[in-house]
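Nothing in this text is a laboratory measurement; each read-out follows from the coordinates by a stated rule. Note that the structure is a prediction, hence the values are computed from the model and not measured. Note that each Cβ is placed from the backbone with ideal geometry, even for glycine, and that neighbours are counted across all protein chains shown.
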Ligand SMILES: Nc1ncnc2c1ncn2[C@@H]1O[C@H](COP(=O)(O)OP(=O)(O)O)[C@@H](O)[C@H]1O
Ligand SMILES: [Mg+2]
């Protein structure tokens, strides 16, 4: 087995005196989709923020592509090749689709052969038609696609997505799920945080379940999908549709 692309070890982190992550271990191998699932407030977003560097860990380590990125700023971690599509999407409403994507192209790896803004926009069926429309005029699903496009234009080695299907209508949820699967087929490595357990188990190869800042269960998506006791105990769902 080759070394993981991302390796998180005994990561402890939080906000001020509040400890949220109690020692997280997780690996993401090149080419995989790894999902991080768990109830609200267990520390999923905090895990992604600590990996990126917007939250600084108290202890533990984050190794990416052979480099220790534990204490790097978010900007430096992005330059190392990690991109985060945040929970709130953070689209610039007054800028057009192309202008939003152009901002993403300013960050990320310096040495990377980045795609052009139009190349990335063209890959998204529902952005192509709106390339000169303002962010504010897009639907929720389109804004999510734009947030993903803005991350991809930096040519990241690892794409982290924080609840990309949150608040979207069921048909749009499926569009996002298909997009993640497509990006992975084309070579993207993905760390996905999801509340939608069905989407996570469908698209991921491997799953970590978080509860109260710890990994309480891990396994292949197929093994978790069959484990009714784990689904019920940690996620409050008995079956996955
Ligand atoms: N900026 C913050 N300042 C203080 N506490 C926070 C902040 N963000 C999140 N928390 C707290 O950290 C815990 C974990 O939050 P979070 O990582 O967002 O959980 P999840 O993404 O799993 O829903 C929660 O108790 C939340 O209230
Ligand atoms: Mg969250």
>> As a test of the formula, what do you get for the chain when each DSSP H run with n ≥ 4 contributes -39,500 (n - 2.57) and the sum is divided by the residue count, at 222 nm and rounded to the nearest 500 deg cm²/dmol?
In response: -8500 deg cm²/dmol
> What Rg and what Dmax come out for the range 6-235 when only alpha-carbon atoms are used, in angstroms?
Replying inline: 17.0, 49
> Quick one: helix 170-185 against the long Cα principal axis of the chain, what's the angle to the nearest 10°, folded into 0 to 90?
Replying inline: 90
>> Between the range 62-117 and the range 1-60, how far is it from one alpha carbon centroid to the other, in angstrom?
In response: 18
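Could you tell me how many cubic angstrom of Cα convex hull volume the range 5-117 has per residue? List each step's numbers first, then the result.
On the way: hull volume 14.4 nm³, N = 113.
Cα convex hull per residue, to the nearest whole number: 127 Å³.
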>> Sort 178-188, 98-108 by the packing proxy (mean of other Cβ within 10 Å over each peptide's residues), most packed first.
In response: 98-108, 178-188
